[in-house]
Structures are given as C-alpha cells and as structure tokens.
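Novice: Mind having a look at this structure? Questions to follow.
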Amino acid sequence: MHDRLESDKLEAFEAYRTRMNKRILDHDSHAGIKRFFNLDSAAYREGALDTRTKELLGLVASLVLRCEDCIHYHVTQCVREGYTDEELYDAMNVALIVGGSIVIPHFRRAVETMDLARARENKVDSNE
C-alpha cells in the first residue's frame, strides 16, 4: 500500500504539471509566456550537448536553485535517459558543493523521486 501511495505522488505531480502547462499555454493573450515555454523546451534539444547531458545539467541547476517541481521533472527525465544511481549521486554532489547545506532537503526529495521513478521504470519493464 505504501509503495502505491508513493508512486501516486509522482503520477499526481506529472498530471498536475501537464494539466497546468496546457491551461497556461491554451490562454491566447500572452505571446511572451508561449515564447518562454518554447525557449525552455528548445534548451533541452540536441545541440553541441546531447539531450541526456542537458537533463543532468537541469537537475544540478534545479537542486542549487531549490526548485522542487524542476527537481522532480529533471530526476524523472534523467532516469528515462538511463542515468545510473551512481551518476545521479555524483551530479547531485556537485549541486551540494555549489549550493551548500541548504541543498540537503532538496537532495533528499530528489533521491525519493529517483526511487519512485526507478520503481515505475522497473514496473514498466516487468510488464513488457
């Protein structure tokens, strides 16, 4: 039961993010908002750096800036991109060094999200 409640948190976050992004982008009166969302999406596309690396950079920046939604998003993307726990911990160590001890609570949540995302990925893999 506990595992289900935990995975519900990740699914609820993703559903909320999707729903609210759609709500924001469906509002036609502000081109600047749409431009910013487009810039955000474009920043993670293949370029001199691959998308995989950019997601890891996004995770580190999100931890340093202490943005919970961004941390959840980038952790799940990094898991989808195939980063190992060791690679993610190494990157999160950089965020901890750059951001200092105030990053620790966000590091904890990132690890929790990583565990939830891995559990979901393992569940998907076992269903195939």
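The values are calculated or read from the model by the stated rules, or taken from the named source; none is laboratory data. What you see is a predicted model, and the numbers here were worked out from it, not measured in a lab. Quick reminder, even Gly has a Cβ in these numbers, built from the backbone with ideal geometry, and neighbours come from all protein chains shown.
Novice: Could you say which residue among 73, 83 is closer than 21 Å to residue 45 by Cβ, in contact with a Leu (Cβ under 7 Å, 6 or more places away or on another chain), surrounded by 13 or more Cβ atoms within 10 Å (Cβ to Cβ) and at pLDDT 95 or above?
Specialist: When all the criteria are applied, what remains is 83.
Novice: Filter the stretch 86-117 down to residues that are in contact with a helix residue (DSSP H, G or I) (Cβ under 7 Å, 6 or more places away or on another chain) and more than 19 Å from residue 66 (Cβ to Cβ), then give me how many there are.
Specialist: Of the residues in that region, 2 qualify.
Novice: Given the conditions (1) more than 12 Å from the chain's Cα centre (by Cα); (2) at pLDDT below 95, which single one is not true for residue 10?
Specialist: Result: residue 10 passes all but (1).
Novice: Given the criteria within 13 Å of the chain's Cα centre (by Cα) and surrounded by fewer than 20 Cβ atoms within 10 Å (Cβ to Cβ), does residue 61 qualify?
Specialist: yes
Novice: Shifting gears a bit: Which pairs have Cβ atoms under 7 Å, sit 6 or more apart or on different chains, and link a residue in the stretch 28-56 that is over 18 Å from residue 88 (Cα atoms) and part of a helix (DSSP H, G or I) to one that is of a type in the set (A, V, I, L, M) and at pLDDT below 95?
Specialist: Close Cβ pairs (under 7 Å, with a partner that is of a type in the set (A, V, I, L, M) and at pLDDT below 95) amount to 33/24; 34/25; 37/25.
Novice: A follow-up question, please. Tell me, which helices (runs of 4 or more DSSP H) wholly within the stretch 63-128 include 1 or more residues that are closer than 24 Å to residue 18 by Cα and among the small types (Gly, Ala, Ser)?
Specialist: Those helices (runs of 4 or more DSSP H) span 104-127.
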